[in-house]
Amino acid sequence: MAFDIDMIKDVYSKMAERVDKARDIVGKPLTLSEKILYSHLWDGNPTTAFERGKDYVEFAPDRIACQDATAQMALLQFMQAGKPKVAVPTTVHCDHLIQAKDGAANDLKHANDVSSEVFDFLESVSNKYGIGFWKPGAGIIHQVVLENYAFPGGMMIGTDSHTVNAGGLGMVAIGVGGADAVDVMAGMAWELKFPKLIGVRLTGKLSGWTAPKDVILKVAEILTVKGGTGAIVEYFGPGALSMSCTGKGTICNMGAEIGATTSTFGYDDSMERYLRATEREEVADEANEIRSYLTADDEVYANPEAYFDQVIDINLSELKPMLNGPFTPDLSTEVGSDMTEKANKNDWPIKVEWGLIGSCTNSSYEDLSRAASIAQQALDKNLKTKSEFGINPGSEKVRYTTERDGILEVFEKLDAKIFTNACGPCIGQWARYSDPKNAPKNSIVHSFNRNFAKRADGNPNTHAFVASPEIVAAIAIAGRLDFNPMTDTLINEDGQEVRLEEPTGWELPPKGFEVKDNGYIEPREDGSSVEVKVAKDSERLQLLTPFEPIGDTIEGAKLLIKAFGKCTTDHISMAGPWLRFRGHLDNIANNTLIGAVNAYNKKTNFVKNQLTGDYGGVPDVQREYKEAGIKTVVVGDHNYGEGSSREHAAMQPRHLGVAAVIVKSFARIHETNLKKQGMLALTFANENDYDLIQEDDTFNFLDLNEFAPDKPLTVEVVHSDGSKDVIKLDHTYNNAQINWYNEGSALNLIKIQNA
């Protein structure tokens, strides 16, 4: 079934004309990324050549996808916009609120029991406003989108940073905060700074134990977690053409971990095969009609250095299987002896307690079939897994088909636990420990995308390493972090020395996909009579109250926290057990910045209250400042807000009274989220000024009344001994974003415009 086929036909009907005009205006051949961007301008046909990394541009995305944790806040905001129906096709996917513990059946039942209030809310809001609803157990948002909604040449946004997964089908798909999604739902333009372009030329061909996952693990090593910030990564070359569509999705998915705006591949035969296998023949036929417009112009890939801001070369024939981690997705180690050396040097536990396969990154039929080929060898060679083993299928379609084809049975025979078609351990929804904070030091390997401290199980001592599904399966069988399946042997239950052979699998199911109930619920054509109920005493849901403008005078603002080192959205608003409060702003605000490390004592959730001189938890101290009517400032290091798209990391500080966040540099989505919520997102003009900030500091903004694009702000930092430092702060606000600040939030401005 091809969803929204009329919309797709409309996009394709305009694409050739718009791309041709863009090529004339730019005056040179175009990359695929540029073709998609210029064909989705809010004003229609291109009239201007935009400067990469500088010009803010208004776009018209084709569709929106939301997962249940972020959809709550997004839809609570949309309910204030005064619109009877969403303006573009939108879907909600219930995949984050299902905890992994006992296995699929029990875990799904438990989720429906404890989160029924939230699921019912999301279903009713979806029904009212014309939003497609995918119920709990239907699958992980990005796998479901790839199977049903992604299409070559399209543009979509989603309230999850891994929306970028859809680049595997040739889209420009971008993760955003809920407020950005609300703009588009309300029929307004979506704004983005025109991205820079990074080209990755893939030569050679993957073989043996090397998988698409290793491509992005290598790119992460090269670019680091912030090297892709403000850029689209476009993959091309013979190596790209030789790869499956879901393999491309794996690579694009983890592009979020290098800070990239998104990643994409040009339309090719593998994408056509995938479209036809997922019953979207009509989309494939339409795409074939404009095939040359769904990839870069020939000159671009022939001479990429002339068209991309940066070009990276990777020879797939020389690429080795990799393990990235722990605690950051860009720390790469080749499988085998290199890991032995690093683990011993850094005191990483060699024994592996769990191997986990799945998440939105690696949960396709191909992924599971290749990992199952390793599991089957273990059975045939009389090996038992030395680590515990868990599997998260990506969708009900994948689960049903892999069960039909005996793939899941292979895992089960190795005592693997089959979890629900949901995110589970990947986003901290893993009931592994009763007391995670005091759990032991250990190592796990997984095919997920993130491995920050506490990410999977809440245990700060869990060393998580990212690898391909094939390598995860092999290491789970061996039970050692430094196992190299290409060279090492194992001793089976008969005492014999055996070796694992290279993995095999299927790009697509030989007998086709099959599913009985895919979990989709179509909304009413007219939802005006649908009543959305939110109980006043609910702990899970809370209707929103508009933010008041912070104003053009900030004097006597206190330092709340100076964050030391990496401060991701997990540190600012962690997931795991806190996911249950994602629809209740005041309750979830109680986790604000509790994971950030205080630069002055290197402790988490322990900051000085300047009103009393005592130390306390960050939210508790901040609530006292708010009660006293005192604004506060948060100071941070590089790439502040790295990680998830969750706008809670901006809304919570805003709700509690934080006025400004001052850092060395921001992650893209988080900077936008702060702006959308009417806050000041500022960077040190001289990053060494970070060192000037002291624990008892007070901030006076000297020229906020002159807030304007391209004009730095000046702040007077008053220290406890009466001495002062005057520092310059840069920003990237344009006039429209300054209006968000002046009105208190972007949503406040939408309400005024729709009044």
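Some values worked out for this structure:
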| item | result |
| --- | --- |
| Sorted peptide list for 117-129, 726-738, criterion being average Cβ within 10 angstrom, highest first | 117-129, 726-738 |
| Karplus 3J(HN,Hα) series, Hz, for segment 302-309 with 6.51 cos²θ - 1.76 cosθ + 1.60 (x for Gly, Pro) | 6, 9, x, 4, 7, 10, 9, 6 |
| Estimated vicinal HN-Hα couplings, Hz - segment 162-168 in sequence order (Karplus 6.51, -1.76, 1.60; Gly, Pro = x) | 8, 3, 4, 3, 5, x, x |
| Amide H within-cut-off set for residue 154, under 5 Å, with H built and near neighbours excluded | 172 |
| Portion, in percent, of the accessible area of the chain that falls on carbon or sulfur, probe 1.4 Å | 45 |
| Whether segment 15-87 is rounded, prolate or oblate, judged on the alpha carbon gyration tensor where a/c under 1.5 counts as rounded | prolate |
| Difference of contour (0.36 nm per residue) and Cα-Cα distance, residue 291 to residue 3 | 101.7 nm |
| Mean accessible surface per residue for segment 309-353, computed with a 1.4 Å probe while every protein chain stays in place, in Å² | 48 |
| Qualifying aspartates and glutamates (Cα of each under 20 Å from Cα of residue 381; at least 8 residues distant if same chain) | 409, 412, 415, 470, 488, 493, 494, 497, 501, 502 |
| Dipole magnitude of segment 625-670 about its Cα centre (Cβ charges: Lys, Arg +1; Asp, Glu -1), debye to nearest 20 | 100 |
| Under 5 Å, built H, 5+ apart or other chain: amide partners of residue 666 | 639, 640 |
| Linear extension gain, residue 350 paired with residue 714, 0.36 nm per residue minus alpha-carbon span | 126.0 nm |
| Eligible lysines near residue 35 by straight Cα distance, threshold 20 Å, same-chain separation 8 or greater | 9, 14, 21, 54, 193, 196, 248 |
| Segment 243-303, accessible area per residue, ligands and nucleic acids excluded (1.4 Å, Å²) | 30 |
| Positive-pole candidate from 487, 452, 530, dipole of segment 411-535, charges at beta carbon | 452 |
| Dipole-positive endmost among 243, 632, 498 within the chain (Cβ charges, Cα centre) | 632 |
| Dipole magnitude of segment 268-351 about its Cα centre (Cβ charges: Lys, Arg +1; Asp, Glu -1), debye to nearest 20 | 800 |
| Phi to ³J(HN,Hα) by Karplus 6.51 cos²θ - 1.76 cosθ + 1.60 over segment 251-256, Hz, x for Gly, Pro | 5, 5, 4, 7, x, 4 |
| Signed unit charges on C-beta, dipole axis of segment 18-84, positive-most listed residue 39, 26, 53 | 26 |
| Over segment 140-209, relative contact order from alpha-carbon pairs under 8 Å, at least 6 apart, % | 23 |
| 16 Å tail of the calculated P(r), segment 504-568, as % of Cα pairs | 81 |
| Pairs of lysines in segment 621-755 (C-alpha under 30 Å apart; 8 or more residues apart or interchain) | 29 |
| Partner lysines for residue 437 [C-alpha distance under 19 Å; skip if fewer than 8 residues away on the same chain] | 101, 454, 602, 603 |
| Cα convex hull of segment 304-360 - mean projected area over all directions, nm² | 6.6 |
| Size-normalised alpha-carbon gyration radius of segment 96-153, reference 2.2 N^0.38 Å | 1.29 |
| Amide H partners (placed H, <5 Å) of residue 57, local residues excluded | 192, 193, 194 |
| Dipole magnitude of the chain about its Cα centre (Cβ charges: Lys, Arg +1; Asp, Glu -1), debye to nearest 20 | 960 |
| Calculated diffusion of the chain, Stokes-Einstein form, Kirkwood radius summed over Cα pairs, 37 °C and 0.692 mPa s, µm²/s | 125 |
| Extension reserve of the residue 317-residue 615 stretch, reckoned as 0.36 nm per residue once the Cα distance is removed | 101.7 nm |
| Bins of 5 Å from zero: percent of alpha-carbon pairs in segment 619-755 | 2, 10, 19, 22, 22, 16, 6, 2, 1, 0, 0 |
| Principal axis dimensions, segment 570-698 - Cα atoms, whole angstrom, descending | 37, 33, 27 |
| Rounded accessible area per residue of segment 415-498, 1.4 Å, Å² | 31 |
| Cα gyration tensor, segment 100-231 - rounded (a/c under 1.5), prolate or oblate | oblate |
| Packing-based order for 640-647, 683-690, 233-240, using average beta carbon neighbours within 10 Å, highest first | 640-647, 233-240, 683-690 |
| Alpha carbon convex hull of segment 261-391, projected area averaged over orientations, nm² | 12.3 |
| Whether segment 137-197 is rounded, prolate or oblate, judged on the alpha carbon gyration tensor where a/c under 1.5 counts as rounded | oblate |
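The values are calculated or read from the model by the stated rules, or taken from the named source; none is laboratory data. Everything numeric in this text was worked out from a predicted model, so none of it was measured. Cβ coordinates were reconstructed from backbone atoms using ideal geometry, including for glycine residues, and neighbour counts include every protein chain displayed. Remember, those area values only see protein heavy atoms, side chains included, never the ligands or the DNA or RNA. Shrake-Rupley method; radii C 1.70, N 1.55, O 1.52, S 1.80 Å.
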